[in-house]
Amino acid sequence: MRIVRFAHPAGMSFGVLDGDGQVAQIEGHPFGQISFTGQRFAAADVRLLSPILPSKVVCIGKNYADHVAEMAALTGDAPKAPLIFLKPSTSVIGPGDAIRIPPGSTNVHHEVELAVVIGARGARSVTEEQAMASVFGYTIGNDVSERDMQVSDGQWTRAKGFDSFCPLGPWIETDLAGLGKDPADLAISCTVDGEPRQSGRTSQLIFGLPMLISYISQVMTLLPGDVILTGTPAGVGPIAPGQRVECTIEGLGTLANTVSGADPTSTAGGSR
Ligand code: MG
């Protein structure tokens, strides 16, 4: 099933995107037993939002050998254990939304990543054998990163935490197996203005999904809807205002985002 979250005239809802371009509205959230409202929308008439609003996005750094190699001069060798960091919930945007370049920045990079969405039971202290039962489904993430700040700060919160630095979508696929796909071996790629940048397969992950979920769950409880970004293959590079970034993963569609300048809107002065 393709789970989407979408804006419609009466508000926003979760829904199921079916093969004939219709979105069937879901009552409440999509975890556990789904109940439909009976309302259907043409997909062309609704705006897709990020398919989930996670309480946190847990990211894995340096998890493809070819990307570790291209980054070695900046961030060193492959880690002995998963390198984890967080992106704030406020970094999440949806398909079609703009990635906003911080003022003065000239070195913001795209990073296409397989995104794991945690399901209703969450995950705390699960073994590798138990880990995959915690998965609700999969979507595409873009771990947008300000490379100069990543190096100068020495830790990555600022470099990877700006508003809009975590595009997610376009939907959550809850049955990859039913499509004949294995999350451990999916083609993953990214283009900028149609030019190929990144290309790889999730089979190249240094630490695989069961290990990552188990490892993170020993540190922090993964809540329903939390997202794990599993690392990016080689080919990262800069993006600039006016460009269009497309991240594609086999079985999960394409996550497309524009790039624009910073949003100067302040919460001060009562404008919001
Ligand atoms: Mg990354």
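Couple of notes before you dig in:
- Residue check for S189: within 16 Å of the chain's Cα centre (by Cα), open to solvent by less than 30 Å² (accessible area, probe 1.4 Å), away from the ligand (no atom under 14 Å from the Cβ) and touching a residue at least 40 places away in the same chain (Cβ under 8 Å): no
- Residue in the range 23-38 that is in contact with a helix residue (DSSP H, G or I) (Cβ under 9 Å, 6 or more places away or on another chain) and either within 16 Å of the ligand (Cβ to nearest atom) or not assigned by TED's automatic domain parsing to the domain that holds S145 (or both) present: yes
- Filter pass, D182 being surrounded by 15 or more Cβ atoms within 10 Å (Cβ to Cβ) and part of a loop (DSSP other than H, G, I, E, B): no
One line per residue, one yes/no per condition, for (1) more than 14 Å from the ligand (Cβ to nearest atom); (2) of a type outside the set (S, T, N, Q); (3) over 18 Å from the mean Cα position of the chain (by Cα); (4) surrounded by 16 or more Cβ atoms within 10 Å (Cβ to Cβ):
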site: E195; (1), (2), (3), (4): yes, yes, yes, no
site: F207; (1), (2), (3), (4): no, yes, no, yes
site: Q218; (1), (2), (3), (4): yes, no, yes, no
site: A240; (1), (2), (3), (4): yes, yes, yes, no
site: Q243; (1), (2), (3), (4): yes, no, yes, yes
site: T254; (1), (2), (3), (4): yes, no, no, no
site: V259; (1), (2), (3), (4): yes, yes, no, yes
site: T267; (1), (2), (3), (4): yes, no, yes, no
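- Of the criteria (1) open to solvent by 70 Å² or more (accessible area, probe 1.4 Å); (2) in a loop (DSSP other than H, G, I, E, B); (3) among the polar types (S, T, N, Q), which one S152 fails: (2)
- Pick from the range 65-105, criterion over 28 Å from G225 (Cα atoms) and among the small types (G, A, S), ranking: surrounded by the most Cβ atoms within 10 Å (Cβ to Cβ): S105
- Of residues in the range 17-39 being surrounded by 16 or more Cβ atoms within 10 Å (Cβ to Cβ) and in contact with a His (Cβ under 9 Å, 6 or more places away or on another chain), the one farthest from L53 (Cα to Cα): V23
- Flag if S13 is of a type in the set (G, A, S) and in contact with a Leu (Cβ under 8 Å, 6 or more places away or on another chain): no
- Matching entry among V112, V108 (being touching a Pro at 6+ places or on another chain (Cβ under 9 Å), over 16 Å from F31 (Cβ atoms), more than 12 Å from the ligand (Cβ to nearest atom) and open to solvent by less than 10 Å² (accessible area, probe 1.4 Å)): V108
- Failed condition for L179, given (1) over 14 Å from the mean Cα position of the chain (by Cα); (2) hydrophobic (A, V, I, L, M, F, W, C); (3) within 20 Å of V68 (Cα to Cα): (3)
- Test for G119: is it away from the ligand (no atom under 16 Å from the Cβ), on the phi > 0 side of the Ramachandran plot and modelled with pLDDT of 95 or more: no
- Failed item in (1) open to solvent by less than 50 Å² (accessible area, probe 1.4 Å); (2) away from the ligand (no atom under 16 Å from the Cβ), with T230 passing the rest: (2)
- Residue check for F41: modelled with pLDDT of 90 or more and either under 14 Å from A234 (Cα atoms) or in a loop (DSSP other than H, G, I, E, B) (or both): no
- Pairs linking a residue in the range 210-229 that is more than 11 Å from I118 (Cβ to Cβ) to a residue that is part of a helix (DSSP H, G or I) and open to solvent by 10 Å² or more (accessible area, probe 1.4 Å), with Cβ atoms under 6 Å and 6 or more positions apart or on different chains, are P210/E128; P210/M132; M211/E128; S214/E128.
- Residue count for the range 60-73 under the criterion of being part of a helix (DSSP H, G or I) and either within 13 Å of the ligand (Cβ to nearest atom) or free of Cβ contacts under 8 Å to residues at least 12 places away in the same chain (or both): the result is 6.
The values are calculated or read from the model by the stated rules, or taken from the named source; none is laboratory data. The model shown is predicted, which means the values in this text are computed figures rather than measured ones. Note that each Cβ is placed from the backbone with ideal geometry, even for glycine, and that neighbours are counted across all protein chains shown. Just the protein is used for accessible areas: all its heavy atoms, side chains included, with ligands, DNA and RNA removed. Shrake-Rupley method; radii C 1.70, N 1.55, O 1.52, S 1.80 Å.
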